[in-house]
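Please read the structure below before turning to the comments.
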Amino acid sequence: MNREHLSALMDGELDPSLETTVWARMKDEGELARIWNEYHLIGDVLREKGIGNIRLGERVAQALSTEPTVLAPRRFGVAGQPTRWLAVAAAVAAVAVSTWTLQRPEASPSQMVARNEVPAESPAPSPPAEAEHYVAMHRQWSPLSGFQTVDYAAGTVASR
Amino acid sequence: MNVQLKHAVLGLLLLPALVWAEGPKAPETQDDLLAQLAKAAQQLTYSGIFVFQHDGRMEASRVIHSFDNGQERTKIDTLDGPPREIIRANDEMRCYFPDVHSIRLEHGQGRRYFPALIAPPFQNYRDNYDITIVGVDRVAGHDCQVIALRPRDNLRFAHQFCADMPSNLLLKEVTLGPHGEPIQMSVFTEITIGTHADPAQFKPDYTDTADWHVDNVPIAGSQKEGSGWSVANVPPGFHKIIEVRRPIPGHAGGMTHLVYSDGLASISVFIEPADGPPRPARIESLRSSLSYFSARTAEQQITVVGEVPLASVTQMGQSVINLRSSHP
């Protein structure tokens, strides 16, 4: 039993015959439960819709657009901790990108700026990113989709 | 070839298919089995915790269900992720979204949740799946019988159920991909069946909701006249279960959302006004369980999403028509 088992369980790739054992061990072992929670926390941070509420994506985008020389941290007066600064920037950028992919297709100009700051992205809009919005609406009516996945934002229905 | 001969040849060709369609079990037995699964989920009192595993994620929920004097009640609470609560009393369903102070109110029998996945009419399942009992297993400490639903075509995925013995309550549902690999799963991790449930247990956790926003979702199938949008080439066994109109900022007409289901899987078709040049179809698998089709005609953006193989969303997306107008 190790982290790989937990990770595989989360990813749905664990051998079904091992599942019961993993669940049982998690109940008994605090450390395993702690790792499990940690994995979920990471997942939650990366996909948490609430992040949109504090407009983190927009703020990061704005910061990036006014500070284009990301690779020269000393210019920003944080000499002494450049490595940590970069790590934080990378983490924030990762959250910004994942937040953007959860947004609806009609991206605001500031979100487009954030996107242009990421050189690895291809210029064409990614279908899966567009698709999130439709997936959320679809899940409201699918008996095979858990209620957990239903997003309120997609739940507003007009008359008819 | 004369007509009689044609019929004779056709008959011979179809004969094996008909024999195969009968399957190893008599249809009456299959019907009984499906009826028992549906009845158990509706009429048993049970409470427990189930996990929904999909697309590399896992979410747990607590469920309590009762059936008393013909009154069916359900309460479901999510245990991780954003808090969500469903309170269902017969045909009225309230979904609480406490983080955004909103309630979604639905009427009608349109929606089902695990473990109530099977509902009449049962003929549709028999027509489209070969249903057999393939063994026994153990789920959440309960012995259960494993039921395989193998699709009769390549337009839907296979499913495997495990139903409690002897109550027939569904304890586990696995959706299997094209190569028999699990792509989605709902499973109880603990469950108590048959104890008495106090009506007070079905009260919502959220009581101070006077200033919450309430979304009143119209009754499924209530509209007499739809938008005219339809799908000409629907995979066998899929029927339209709902049509809703969704607002789009800046567009008076809004988006038409059609949902088709074969009783297990469902497919959504979205039709919305499009600006810009026509675009060829993009067809791809999203994560592991969903297929996605997107194309733009001269006037419409057509999007199809469903937990079905790529062939199904493609077939649907390519045959969207409007019965009332000259739209393509």
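Every number in this text was worked out from the coordinates using simple rules, so none of it is lab data. This is a predicted model, so every value here is computed, not measured. For neighbour counting, all protein chains shown are included, and Cβ atoms are generated from backbone atoms with ideal geometry for every residue, glycine included.
Observations on the model:
- Each Lys and Arg contributes +1 and each Asp and Glu -1, all at the Cβ; summed about the Cα centre of the range B:140-257, the dipole is approximately 660 debye.
- Where Rh is the Kirkwood radius over Cα pairs, Rg/Rh for the range B:235-328: 0.96
- Taking only Cα atoms of the range B:83-215, radius of gyration then Dmax in Å: 18.0, 52
- Sorted by Cβ neighbour density within 10 Å, fewest at the top, the residues B:GLU72, B:GLU173: B:GLU72, B:GLU173
- Phi-derived couplings, Karplus 6.51 cos²θ - 1.76 cosθ + 1.60 at θ = phi - 60°, listed residue by residue for the range B:202-212: 9, 6, x, 5, 9, 10, 8, 10, 4, 9, 6 Hz, with x used for Gly and Pro.
- Amide H contacts under 5 Å for B:LEU79, placed H, 5+ residues apart: B:ALA60, B:SER61, B:ARG62
- Gain in span if fully extended, B:MET165 to B:ARG279, counting 0.36 nm per residue against the direct Cα distance: 35.8 nm
- Cut-off 15 Å, label 7 Å out along Cα→Cβ of B:ARG138, residues of the range A:1-31 by amide N: A:17-25
- In chain B, the calculated helix contribution to ellipticity at 222 nm averages -5000 deg cm²/dmol per residue, counting -39,500 (n - 2.57) for every DSSP H run with n ≥ 4.
- For chain B, the fraction of alpha-carbon pairs in successive 20 Å shells from zero, as %: 26, 56, 16, 1
- Chain B - charge dipole about Cα centre, Lys and Arg +1 at Cβ, Asp and Glu -1, debye rounded to 20: 840
- Residue exposure proxy: B:THR303, B:THR256, ordered by other Cβ atoms within 10 angstrom of their Cβ from fewest to most, comes out as B:THR256, B:THR303.
- Chain B: most fluctuating residue of B:HIS101, B:HIS142, B:HIS54 per GNM, C-alpha cutoff 10 Å: B:HIS101
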